[in-house]
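The values are calculated or read from the model by the stated rules, or taken from the named source; none is laboratory data. All values derive from a computational prediction rather than experimental measurement. Ideal geometry is used to build each Cβ from the backbone, glycine not excepted, and the neighbour counts take in all protein chains shown. Heads up: the accessible areas ignore ligands, DNA and RNA and are worked out on the full protein's heavy atoms, side chains in. Shrake-Rupley method; radii C 1.70, N 1.55, O 1.52, S 1.80 Å.
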Amino acid sequence: MKILLVLPAAAHLRVAPGEFVPRRAMLRFSILPLTTVAALTPPGHDVSICDENVSPLDFDADVDLVGVSFMTALAPRAYEIASEFRRRGKLTVAGGFHPTFLPDEAAIYFDAVVVGDAEVLWPAAVNDAARGALRKIYRHETQPDLSLTPPPRRDLMAATARHYVTTEAVQTGRGCRHGCRYCSVTAFHARTYRTRPLQNVLAELATVARDFIFVDDNIISDRD
């Protein structure tokens, strides 16, 4: 299958066809979830990424499956995207914080919803879609082991890398043990903190550029 992964953008930041990407003082590292999802995609599928902050979204793209990752502020745009692609006969899958918190709402607009981390669930959804058996909701029974997390597909951002402060975003762990009532991270990860194996992190760091950024939710949660 041909798979398109989309990061929606707000209307005032969205790049339209034929427009230049304006110079903005933005630290765009939110692409890491999609490059990680791309790396989790089973072999044999062609994957591309569109970040609407830096690339116009082509609704006529030759794709079979469209995955959209979004937070609550961008849910209306994500639903527009899903509706337009479904109108064209494409399969759509929602993921990210908002679909995890409100999967039943997201399921109204998308063919399938991935609840929680993409590990295990995204490969299952892709395999199901390929055989015509996509389920409505994909949910973990237990939180996935982050040793399953591969290095992100940074190569997919080569054409647009100049628009980012860095595409070298690295994550050593996810979640936070604190229970701050206002925090979406606490809610998403059920007040847990999980780490990737240190050897995996070090191996990834050996491949990135000199300038990179750690994007952990709470990097000092595990002091060791």
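Odds and ends about this structure:
- Filter result for the condition that a residue is free of Cβ contacts under 8 Å to residues at least 60 places away in the same chain and either hydrophobic (A, V, I, L, M, F, W, C) or over 28 Å from HIS163 (Cα atoms) (or both), over ASP104, ASP117: ASP104
- Residue within the stretch 132-142 that is on the phi < 0 side of the Ramachandran plot, crowded, with 19+ Cβ neighbours inside 10 Å and β-branched (Val, Ile, Thr) present: no
- The conditions of being at negative phi and surrounded by fewer than 19 Cβ atoms within 10 Å (Cβ to Cβ) are not met by ARG154.
- Near pairs, Cβ below 8 angstrom, 6+ apart or cross-chain, from the stretch 205-217 (under 14 Å from THR172 (Cα atoms)) to any residue that is open to solvent by 50 Å² or more (accessible area, probe 1.4 Å) and in a loop (DSSP other than H, G, I, E, B): LEU205/PHE212; ILE213/LEU27; ILE213/PHE29; ILE213/VAL165; VAL215/PHE29
- Boolean, ALA75 is touching a residue at least 12 places away in the same chain (Cβ under 8 Å), farther than 20 Å from GLY175 by Cβ and in a helix (DSSP H, G or I): yes
- The set of residues in the stretch 184-212 being more than 27 Å from LEU102 (Cα to Cα) and surrounded by fewer than 15 Cβ atoms within 10 Å (Cβ to Cβ) consists of PRO197, LEU198, GLN199, LEU202, ALA203, LEU205, ALA206, THR207, ALA209, ARG210, ASP211.
- Failed item, numbered, when VAL93 is tested on (1) of a type in the set (Val, Ile, Thr); (2) touching a residue at least 60 places away in the same chain (Cβ under 8 Å); (3) more than 21 Å from ALA169 (Cβ to Cβ): (2)
- For the stretch 3-44, a residue qualifies if it is more than 17 Å from the chain's Cα centre (by Cα) and at pLDDT 95 or above, and the qualifying residues are PRO43, GLY44.
- Within the stretch 92-131, no residue satisfies the criterion of being among the β-branched types (Val, Ile, Thr), assigned to a loop (DSSP other than H, G, I, E, B) and open to solvent by less than 20 Å² (accessible area, probe 1.4 Å).
- Checked against (1) in a loop (DSSP other than H, G, I, E, B); (2) closer than 23 Å to PRO123 by Cα; (3) touching a helix residue (DSSP H, G or I) at 6+ places or on another chain (Cβ under 9 Å), GLY89 passes all but condition (3).
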